[in-house]
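Throughout, read-outs are computed from the coordinates displayed, never taken from laboratory work. In this text, all values refer to a predicted model and were calculated from it rather than measured experimentally. In this analysis, Cβ positions are derived from the backbone assuming ideal geometry, glycine residues included, and neighbour counts consider all displayed protein chains.
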Amino acid sequence: MQTKVDNQPAVTIHVLSRAAASATQPRLVELLQDAVDNGASVGYLAPLSATDAAGYWAPLIAGLDPAQRRLLVAEIGGTIAGTVQLALETRPNGNHRAEVAKLLVHTEYRRRGVATALMAALEQEARAAGRTLLVLDTQSGEPAEMLYFALGYVLTGSVPGYARNPDGRLAPTSFMYKVLE
Ligand SMILES: CC(C)(COP(=O)(O)OP(=O)(O)OC[C@H]1O[C@@H](n2cnc3c(N)ncnc32)[C@H](O)[C@@H]1OP(=O)(O)O)[C@@H](O)C(=O)NCCC(=O)NCCS
């Protein structure tokens, strides 16, 4: 899937196989470190070491199974600019549902529509997998929440002090959903 933003190189979205993800792991490590070290609340405190970031990606990639999880990346001019995951619920009472996870766009590539392109491709993947409901959580009041509102996600509520910022302060988390028509 290719998206062209005015006067910018095209963004190409790839859904990675386990082998491709493994080859991409060093860049995925950089993306996670860049996000955390620049203040994003995505599970870790800053500064995030390459070892700890690899500790997130290595087992995820080793267990990558398209029936359960799709790993998407956005490529611009041969560089991986961002990533997102679609986690497919497998239990019988929830197999119409999937979760959006670890949407990360490198700071050098933000505000160029990369996340928007990733989320459009993720929705396409979700629909192709027969999913009609997407859910996610994100830190309240942060750019990602604004992006999700812009993409039509609905806020169910915000839990105060749910997770720590990379600097260790507790912050609220918003729980959101989108019904895929
Ligand atoms: C949130 C994030 C993924 C957005 O990526 P991006 O590629 O810059 O987003 P896009 O360029 O597609 O932005 C689309 C829209 O989202 C909103 N948006 C994105 N970043 C924003 C910001 N910093 N402030 C306000 N609105 C913002 C705007 O409506 C924007 O449209 P516009 O640029 O025409 O105004 C990126 O900032 C990021 O990686 N943040 C750190 C990690 C993170 O918080 N991930 C979410 C985990 S749940």
So what are the three principal axis dimensions of the range 128-175 from its Cα atoms, in whole Å, longest to shortest?
39, 19, 18
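Between residue 129 and residue 37, what is 0.36 nm times their sequence separation minus the Cα-Cα distance? Round to one decimal in nm. All intermediate terms of the calculation are to be shown ahead of the outcome.
Working: separation 92, 0.36 × 92 = 33.12 nm, distance 3.40 nm.
Additional length available on full extension: 29.7 nm.
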Considering the alpha-carbon set of the range 20-96 alone, what are its Rg and its Dmax in angstrom?
13.7, 42
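Only four residue types carry charge here, +1 at the Cβ of Lys and Arg and -1 at the Cβ of Asp and Glu. Report the dipole size of the range 2-135 about the Cα centre in Debye, rounded to the nearest 20. Mind dumping the intermediate values first?
Details: 13 positive and 12 negative charges, 73 e Å.
My answer is approximately 360 debye.
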Residue by residue through the range 88-99, what is 3J(HN,Hα) from phi via Karplus (6.51 cos²θ - 1.76 cosθ + 1.60, θ = phi - 60°)? Round to whole Hz and write x for glycine and proline.
8, 5, 10, 5, x, 7, x, 7, 9, 10, 8, 10
Taking the Cα atoms of the chain, what is the range of coordinates along each of the three principal axes, in descending order and whole Å?
38, 37, 37
Give me, ordered by chain and number, the residues 5 or more places off residue 180 or on other chains with an amide H under 5 Å from its own placed amide H.
133, 134
Could you put 169, 131 in order, starting from the residue whose Cβ has the fewest other Cβ atoms within 10 Å?
169, 131
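Restricting to Cα pairs below 8 Å that are 6+ residues apart, what does the relative contact order work out to for the range 19-127? Please round to a whole percent.
After rounding, I find 23 percent.
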